[in-house]
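Below is one structure, written out as structure tokens; the observations come after it.
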Amino acid sequence: MKEIKVCICDKNFKFKTEQDKQDFLEVVGIDEKPFLQRIGNREFFQHHLAWDMLRKAGWYHYGHDGEYLVWKKPETPVEELTLFIKGVDWYCEYSDDYGVVCAGQRKMKRLMELMLVVGEPTATEIYNQNCPEEMKK
């Protein structure tokens, strides 16, 4: 599984290793100007646009390693299911916010699709390792 460790440092991206930098630039490009936005006489660094590009390219935000955000890209369906399931909101249907409910339903649908691709018994094992006790299969 590929991994990138990146953080934001004064309107710039900072990487833990040179390989992280190469993998990141392969996805978002070399030019950082698209991430800078001027409003009046102030300039803002729109790092979230890079995160959107990573997600669209199949990368998952996995957590933190000190000051660095950790992004992982699965190379097999099992790896993708393992990464995807960690971001599932198991209790989304209890939200008062309809947008949260809808997003959770979309995630659950995608989870079921990934489980079908991975197949039994591996999919159920991964599911049971990550879901709340009352939702185990």
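The values are calculated or read from the model by the stated rules, or taken from the named source; none is laboratory data. Everything quoted here is computed from the prediction, not taken from an experiment. Please note: Cβ atoms are built from the backbone with ideal geometry, for glycine as well, and neighbour counts cover all protein chains shown.
Any residue that is surrounded by 14 or more Cβ atoms within 10 Å (Cβ to Cβ), basic (K, R), part of a helix (DSSP H, G or I) and over 14 Å from the mean Cα position of the chain (by Cα) - is there at least one of those in the range 4-24?
Initial filter on the range 4-24 (surrounded by 14 or more Cβ atoms within 10 Å (Cβ to Cβ)): 4-8, 13-16, 20-21, 23-24.
Checking the rest, the ones that are also basic (K, R) come to 5, 14, 16, 21.
Okay, now just the ones that are also part of a helix (DSSP H, G or I), so 21.
Now narrow it down to the ones that are over 14 Å from the mean Cα position of the chain (by Cα): 21.
Yes, that holds for at least one residue.
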Name the residues in the range 26-50 that are free of Cβ contacts under 8 Å to residues at least 12 places away in the same chain and within 26 Å of V78 (Cα to Cα), would you?
E26
Residue list for the range 84-125, filter: at negative phi and outside any helix (DSSP H, G or I):
K86, G87, V88, D89, W90, Y91, S95, D96, D97, E120, P121
K86 - would you say it is under 20 Å from K109 (Cα atoms), under 12 Å from the mean Cα position of the chain (by Cα) and among the charged types (D, E, K, R)?
yes
Could you list, ordered by first residue, the pairs with Cβ atoms under 8 Å in which the first is in the range 110-123 and more than 11 Å from I85 (Cβ to Cβ) and the second is not charged (D, E, K, R), at least 6 apart or interchain?
L116/A123; V117/P77; V117/L81; T122/V78
Residues that are at pLDDT below 95, closer than 23 Å to C131 by Cβ and among the basic types (K, R): does the range 56-72 have at least one?
no
From V118, V78, residue being in contact with a Ser or Thr (Cβ under 7 Å, 6 or more places away or on another chain) and among the β-branched types (V, I, T)
V78
Can you confirm whether the range 70-79 contains a residue that is without any contact (Cβ under 8 Å) to a residue 24 or more places away in the chain, assigned to a helix (DSSP H, G or I) and surrounded by 12 or more Cβ atoms within 10 Å (Cβ to Cβ)?
no
Checked the range 25-52 for anything surrounded by 14 or more Cβ atoms within 10 Å (Cβ to Cβ) and closer than 15 Å to K5 by Cα; matches are L25, V27, V28, H47, A50, W51
If T124 passes every condition in (1) β-branched (V, I, T); (2) in the same structural domain as D10 (by TED's automatic domain parsing); (3) surrounded by 11 or more Cβ atoms within 10 Å (Cβ to Cβ) but one, which one does it miss?
(2)
Mind listing whichever residues of the range 18-60 are polar (S, T, N, Q) and under 23 Å from T82 (Cβ atoms)?
Q19
